[in-house]
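No value in this document is a laboratory result; all are computed from the given coordinates. Values in this document were obtained by computation on a predicted structure and should not be read as measured data. When we count neighbours, we look across all protein chains shown, and the Cβ atoms used for this are built from the backbone with ideal geometry, even at glycine.
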Amino acid sequence: MKRKLTSIHKNGFILPSVLIISALVLLYLSSTIVAYWQDMHMTKNIIEQVHAETLFQMGYTEFISKGHHLANDEKRIYHFPNGTVEITPIIIDKSTLHIHVLIETNNGFHTSVTKSLKLDSESHNLFDLDDTKE
């Protein structure tokens, strides 16, 4: 007859070890699931930031290419397939122009950017600055 290991069961060695191993496995699984969820959320935010940067570049290019007459605080709104860009020029002096850009993607991500432009003689021909402040 085979001898049973009764001393292991009497001392309670198997149950505590099974509980510890089970707890460690559950802890590992739950931490992996939380890390995966956070990575997914972070990836979504990064993709939205890339869309917003693309919208900024598209709006800025459109603004520069069609910027003939600028009045101070005159908003220009550009609609693109990824979202909307609103550009407000702020004339500092004859050689400096600040543009305030509000960006909204189609998924509801909002951001704003302010950019300074130093106008040279070539830019003066492109922009007719009306710096009368109301």
How much length is gained if the chain between residue 34 and residue 113 is pulled fully straight, taking 0.36 nm per residue apart and subtracting their Cα-Cα distance, in nm to one decimal?
-> 25.2 nm
With label points set 7 Å from each Cα along the Cα-to-Cβ direction at residue 17 and residue 98, the distance between them in nm comes to 7.0 nm
Express in nm, to one decimal, how much length is gained between residue 74 and residue 44 on full extension, taking 0.36 nm for each residue of separation and deducting their alpha carbon distance.
-> 7.5 nm
